[in-house]
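What follows is a single structure, written as structure tokens, with notes after it.
The values are calculated or read from the model by the stated rules, or taken from the named source; none is laboratory data. Computed from a predicted structure; not experimentally measured. Every residue, glycine as well, gets a Cβ built from its backbone with ideal geometry; the counts of neighbours run over all protein chains shown.
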């Protein structure tokens, strides 16, 4: 068992990077604690490393959010991930776009069990009486002006708060193919 644990940590550390960083330091600390018999501290260090990895993954997801159009501002909500553990985990990001007279929010949630549960609803939007909007090849369900799309059956993109054409224009600047490869 000890060899399996050590091997998993070594593989994880090798996959990250040869350079010393906070993540690899936490993983090395967990391995040291485990080898010294301090299982509780090893678990704490692994949890810390997981937290850092999720933060890194969230940062990468935030990079997918569209830039603000000319005359608009974009404010990224850095607290969006705080509630995700209570909803089954995963990562998410959210930004508010404003031009001074109107504003709307775009949120992205990935690898969350609730997203998978919503998949059937988004895929069958027409059966539910919702309108379908297209952004390139991506279909968005329009429920009373709130837009929802499921990318790669695991990433939920939502936009709400402004006129649908305004939100669709911004969503049209997103690279949904790149988004579908997120985390892979």
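Where in the range 131-184 are the strands (runs of 3 or more DSSP E), entirely inside, with at least 3 residues that are at pLDDT 90 or above and surrounded by 14 or more Cβ atoms within 10 Å (Cβ to Cβ)?
Correct list: 138-143, 146-151, 155-160.
Any idea which residue in the range 63-86 is modelled with the lowest pLDDT, counting only those that are out of contact with any strand residue (DSSP E or B) (no Cβ under 8 Å at 6 or more places or on another chain) and over 19 Å from residue 149 (Cα atoms)? Please lay out each step first, then the result.
Within the range 63-86, the subset out of contact with any strand residue (DSSP E or B) (no Cβ under 8 Å at 6 or more places or on another chain) is 63, 70-71, 78-79, 82-83, 85-86.
Pick out the ones that are also over 19 Å from residue 149 (Cα atoms) and you get 70-71, 78-79, 82-83, 85-86.
Numbers: 70: 93, 71: 94, 78: 72, 79: 69, 82: 52, 83: 53, 85: 53, 86: 48.
So, considering only residues that are out of contact with any strand residue (DSSP E or B) (no Cβ under 8 Å at 6 or more places or on another chain) and over 19 Å from residue 149 (Cα atoms), the one modelled with the lowest pLDDT is 86.
Residue 42: assigned by TED's automatic domain parsing to the domain that holds residue 22, at pLDDT 85 or above and in contact with a helix residue (DSSP H, G or I) (Cβ under 6 Å, 6 or more places away or on another chain), yes or no?
Yes: the conditions hold for residue 42.
Any chance the range 51-60 includes a residue that's touching a helix residue (DSSP H, G or I) at 6+ places or on another chain (Cβ under 6 Å), at pLDDT 80 or above and surrounded by 13 or more Cβ atoms within 10 Å (Cβ to Cβ)?
no
Please specify each residue of the range 99-151 satisfying the condition of being under 19 Å from the mean Cα position of the chain (by Cα) and on the phi > 0 side of the Ramachandran plot.
111
Hey, residue 2 hits all of (1) more than 25 Å from residue 93 (Cα to Cα); (2) touching a helix residue (DSSP H, G or I) at 6+ places or on another chain (Cβ under 8 Å); (3) modelled with pLDDT of 85 or more but one; which does it fall short on?
Every condition holds for residue 2 apart from (3).
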